[in-house]
1. Any residue at all in segment 186-197 that is closer than 30 Å to Ser99 by Cα and in contact with a Phe, Trp or Tyr (Cβ under 9 Å, 6 or more places away or on another chain)?
2. For segment 233-256, which positions are of a type in the set (A, V, I, L, M) and under 30 Å from Leu119 (Cα atoms)?
3. What are the residue pairs meeting all of these: first residue in segment 211-239, first residue at positive phi, second residue at pLDDT 95 or above, Cβ atoms under 9 Å, and 6 or more apart or on different chains?
4. Test of understanding: among Ala131, Ala115, which residue is surrounded by fewer than 20 Cβ atoms within 10 Å (Cβ to Cβ) and without any contact (Cβ under 8 Å) to a residue 12 or more places away in the chain?
5. Kindly list, by first and then second residue, each pair from a residue in segment 284-300 that is more than 22 Å from Val224 (Cβ to Cβ) to a residue that is among the hydroxyl-bearing types (Ser, Thr, Tyr) and crowded, with 17+ Cβ neighbours inside 10 Å, limited to pairs with Cβ atoms under 7 Å and residues at least 6 apart or on different chains.
6. Which ones in segment 121-145 are in contact with a Lys or Arg (Cβ under 8 Å, 6 or more places away or on another chain) and closer than 21 Å to Asn218 by Cα?
7. Confirm whether Leu208 is more than 18 Å from Leu46 (Cα to Cα), touching a residue at least 24 places away in the same chain (Cβ under 8 Å), part of a helix (DSSP H, G or I) and in the same structural domain as Leu164 (by TED's automatic domain parsing).
8. Filter segment 44-78 down to the residues that are among the acidic types (Asp, Glu) and either in the same structural domain as Thr232 (by TED's automatic domain parsing) or under 18 Å from Leu226 (Cα atoms) (or both) and list them by number.
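The values are calculated or read from the model by the stated rules, or taken from the named source; none is laboratory data. Please read all numbers here as calculations on a predicted model, not as lab measurements. Methodologically, a virtual Cβ is constructed for each residue, glycine included, from the backbone with ideal geometry; neighbour enumeration extends over all protein chains shown.
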Amino acid sequence: MTPPSSLFRPVVGLFIALAVALTAACADSTPRVEEAAPEVRFDPVLHDLLPQSVLDRGVIRIGTDASYAPMSSFGQDGRTIVGMEPDLGADIGRVLGVSVEFVNADFTKLLSQVANGDLDLAMSAMTDTAARAKQADFVNYFSAGTSIVVQRGNPAGVTGIRDLCGQVVAVERGTTQVDLLGRAQPNCPGEPIDVKTYPTNSDALVQLRTGRAVAVLNDLPPAVFLVNDPRTESHYQLASTATYEPGLYGIVVAKSQPGLRAAVRRALAKLLRNGVYADVLERWDVSDGAIDRITINSNR
């Protein structure tokens with residue numbers, strides 16, 4: 001647990017260049033067209049590490065909560081899941097020689113669905129935490145901290161976590177943002193933060209847009225996307241240039257599937273080395289979240 005005194009020392013380094021780039025790039029939640037992409041090559045050795053069930057289907061089923069652009073969200077047709085994660089997942093599948101199917105799912109159920117075999121993997125901007133790593137393994141692929149999103153014009157004058165004391169804050173259920181707000185409560189001198197949780201991030205944003213909450217906490221890439229996408233920029237802005245409690249996103253793998261975990265980790269490592277990983281992140285304007293090596297469970 002983060003000591004209360006350290007919670008309010010934000011990690012500063014907000015991606016101003018990223019915000020500018022997103023203005024032009026994210027009008028329809030589709031990536032820019034790149035002239036040339038690094039080659040993705042099939043690896044038969046990694047293919048043979050896959051569970052027999054995946055080999056028989058020829059498909060890896062990956063769960064995600066498709067309400068978190070530009071990581072994963074529904075495209076213009078309202079059915080296809082697009083984003084950095086589906087693109088990176090598809091490239092992992094190409095290395096492993098199988099197709100990849102992204103399935104929209106309840107974020108709070110992803111860990112259990114992977115553990116019981118309903119899904120092979122989950123890839124949903126899920127921060128790798130010690131508590132979650134007790135239930136499943138995480139193949140780390142991205143780094144991000146939390147930002148505060150407020151209404152355009154910031155009518156409540158929010159500039160940091162402490163300003164949320166006594167206010168209604170909307171967040172997606174089961175996220176690390178819920179935990180962050182819980183750790184912030186002892187630092188409220190008067191009334192505590194009134195934390196309201198919702199099934200999806202989209203539901204939380206409705207509360208902010210309609211004035212029923214003064215803020216929503218999002219990871220930085222989705223927060224920057226919101227304030228620069230022409231469809232949403234008139235509704236939202238960042239409260240400040242601060243980010244809080246950065247952590248690593250992980251692809252969720254059942255602890256009972258060490259072969260699948262090894263295949264995914266090694267496939268990602270190949271994509272990182274050959275430039276495909278960097279190309280995918282650049283395509284979705286989230287390069288500042290790149291990591292330089294693929295780890296398991298944050299190397300705990």
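1. So in segment 186-197, the residues closer than 30 Å to Ser99 by Cα come out as none.
Checked against the condition, which is being closer than 30 Å to Ser99 by Cα and in contact with a Phe, Trp or Tyr (Cβ under 9 Å, 6 or more places away or on another chain), segment 186-197 yields no hits at all.
2. Filtering segment 233-256 down to residues of a type in the set (A, V, I, L, M) leaves 238-239, 242, 248, 251-254.
Residues satisfying the conditions are Leu248, Ile251, Val252, Val253, Ala254.
3. Gly211/Gln151; Gly211/Pro155
4. Details: Ala115 fails: without any contact (Cβ under 8 Å) to a residue 12 or more places away in the chain.
Going through Ala131, Ala115 in turn, just one is surrounded by fewer than 20 Cβ atoms within 10 Å (Cβ to Cβ) and without any contact (Cβ under 8 Å) to a residue 12 or more places away in the chain: Ala131.
5. Final answer for the pair search is Ile294/Tyr141.
6. Hits for segment 121-145 are Met126, Ala130, Phe138.
7. Numbers: more than 18 Å from Leu46 (Cα to Cα): yes; touching a residue at least 24 places away in the same chain (Cβ under 8 Å): yes; part of a helix (DSSP H, G or I): yes; in the same structural domain as Leu164 (by TED's automatic domain parsing): yes.
So Leu208 fits the description; yes.
8. So the first thing to find is which residues in segment 44-78 are among the acidic types (Asp, Glu), and the list is 48, 56, 65, 77.
Across segment 44-78, the qualifying residue is only Asp65.
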